[in-house]
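Report on the following structure.
The values are calculated or read from the model by the stated rules, or taken from the named source; none is laboratory data. Please read all numbers here as calculations on a predicted model, not as lab measurements. Virtual Cβ from ideal backbone geometry, glycine too; neighbours counted across all protein chains shown.
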Amino acid sequence: MPENLFVKNVAVVSQWLPAPQKQPMWLLEKPCWNGVGVEHAKIIDTQQGEYLVIRAGDDKLSAKTMSLYAWHFAALHRPPRVVADNQFIASLNVHQNWLIYQHSPSEDSEPPTVCVHDLNRNLSCSETLGISGYYCIMKATNSSMDFIQLQYGAIRLDSVVVAYKLWQVSLNHAAAPFKYRATGKREMFRLRGALARARRIDDSRFLLWAPLKNGEDEYDKPDPMETPSLVLLQISSGTLNVSLDEQWSSDVKAVGVWPIISRNMLCVDHKDATQTLLNLADGSVVHRVLLRCWYYSGLYPLESQWQSIPEDTEWDGPLTGVPGGAKVKESLNALVYGKGSRFTVIDYTGHSYRPKQKSPLAIEQLLARYIDVGKLTGGQRLMLTSMFS
């Protein structure tokens, strides 16, 4: 679901398991917009957990107001829930059935209001938590949710002081739903671009990272002290209090970060279209092969799978044949691309490897390293070629 696309052209591809022992089905659906005036609305961004949430803005309006729409994935055929309408919305985040965002009555007004929604129970609450910031949901339960709030202090030429706070929201406590739990500060790298963001790793770990923007040099050094651009923090719960403990930091520069939780790794996207794998345990570089479909989907082959791959294995590349200009999206088990009104789904689970076939000439060249192929009869050559092909 690309950004800057008219919402009427949005399509959702989903896989359903109809019954045990039956083949899964792929469905292509367009969300229902009945009763919602979105003729000129374009997608600003989308997020998903148990629900699909679209932030959209009307490109005909001079004011940069936005609206939030939510669907459960099993009810895309129904009109959306309008979570917010024509507001100045920032820092949207979705996890499972929880949604958090920040909104203001005008673009520059302070302080903004932080809104939290439990989409399952259709409950919400709001609070003013100081100056504008960035929000990231951590742990979610049926009745409560923990989130990280980032706020920015002294901004220097090449760094910024980031204050990170842990909050808990319980909608069962109507009188005081927001509960402060812990806080910390860290000086982070920055150039001319965006301030530091938070990325959830799991329920107890999150990453502070400094994204680069167009026109910035990812190899610029901030200062001799080398303020970090990546910092991993751990939420530690004791008997009396909660702390936010730094596990490691790195000066690796990123335009995007992609946790691969199953292998405890982090993929860092660079501006030159290369990637670096880091070990989430200590931030060290992991020297491994990396394909785009793996890090966008959050998957990576197991050690046993690497060891069992025969030499000279040739893989079907999922992106082979994708037309130029097509919009591509990856999921846990598939790649989807679309151009115009036509969409194609490539199921990763249906792809397998095949041994690379050697030509008779290549086999003879290989055998010539060990025997005098010129002295073999035609029958002997044919026999050896068939054995090694």
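Kindly indicate whether M138 is in contact (Cβ under 8 Å) with a residue 60 or more places away in the chain and crowded, with 17+ Cβ neighbours inside 10 Å. Answer is yes for this residue.
Got a number for residues in the stretch 15-55 being among the polar types (S, T, N, Q) and in contact (Cβ under 8 Å) with a residue 60 or more places away in the chain? Total satisfying the criteria: 1. Yes or no: the stretch 310-321 includes at least one residue that is among the aromatic types (F, W, Y) and either at pLDDT below 70 or assigned by TED's automatic domain parsing to the domain that holds Q47 (or both). Yes, there is a match, as at least one residue in the stretch 310-321 is among the aromatic types (F, W, Y) and either at pLDDT below 70 or assigned by TED's automatic domain parsing to the domain that holds Q47 (or both). A search for C-beta distances below 7 Å between a residue of the stretch 231-244 that is within 7 Å of A182 (Cβ to Cβ) and assigned to a strand (DSSP E or B) and any residue that is among the basic types (K, R) and at pLDDT 95 or above, counting only pairs 6+ apart in sequence or on different chains, returns V242/R181.
Taken over the stretch 263-279, residues that are among the acidic types (D, E) and in a loop (DSSP other than H, G, I, E, B) amount to 1.
Among what's in the stretch 79-114 and is part of a strand (DSSP E or B), small (G, A, S) and out of contact with any Asp or Glu (no Cβ under 8 Å at 6 or more places or on another chain), pick the residue that is modelled with the highest pLDDT. Looking at residues that are part of a strand (DSSP E or B), small (G, A, S) and out of contact with any Asp or Glu (no Cβ under 8 Å at 6 or more places or on another chain), I get A84. Looking across the stretch 88-103, the residues that are surrounded by fewer than 19 Cβ atoms within 10 Å (Cβ to Cβ) and not small (G, A, S) come down to F88, Q96, N97.
The strands (runs of 3 or more DSSP E) falling completely within the stretch 115-214 that include 3 or more residues that are farther than 30 Å from D272 by Cβ map to 123-127, 134-140, 144-155, 159-170, 178-189.
Just one of the listed residues (Y164, Y180) is within 29 Å of W258 (Cβ to Cβ) and hydroxyl-bearing (S, T, Y), and it is Y164. Among the residues of the stretch 31-58, those that are part of a loop (DSSP other than H, G, I, E, B) and either hydrophobic (A, V, I, L, M, F, W, C) or farther than 12 Å from P80 by Cα (or both) comprise C32, W33, V36, V38, E39, H40, G49, E50.
Yes or no: D282 assigned to a strand (DSSP E or B), modelled with pLDDT of 90 or more and surrounded by fewer than 16 Cβ atoms within 10 Å (Cβ to Cβ)? No, not satisfied.
Scanning the stretch 172-184 for residues that are surrounded by 13 or more Cβ atoms within 10 Å (Cβ to Cβ) and touching a strand residue (DSSP E or B) at 6+ places or on another chain (Cβ under 7 Å) yields a count of 7. Screening the candidates L76, L129, L119 for the property of being surrounded by 14 or more Cβ atoms within 10 Å (Cβ to Cβ) and either of a type in the set (D, E, K, R) or at pLDDT 95 or above (or both) yields one hit, L119.
When the residues of the stretch 68-96 are filtered to those that are among the charged types (D, E, K, R) and in contact (Cβ under 8 Å) with a residue 24 or more places away in the chain, the one that is farthest from E107 (Cα to Cα) is R78. Determine whether the stretch 58-67 contains at least one residue that is farther than 26 Å from L335 by Cα, without any contact (Cβ under 8 Å) to a residue 40 or more places away in the chain and among the acidic types (D, E). Checked the stretch 58-67: at least one residue is farther than 26 Å from L335 by Cα, without any contact (Cβ under 8 Å) to a residue 40 or more places away in the chain and among the acidic types (D, E).
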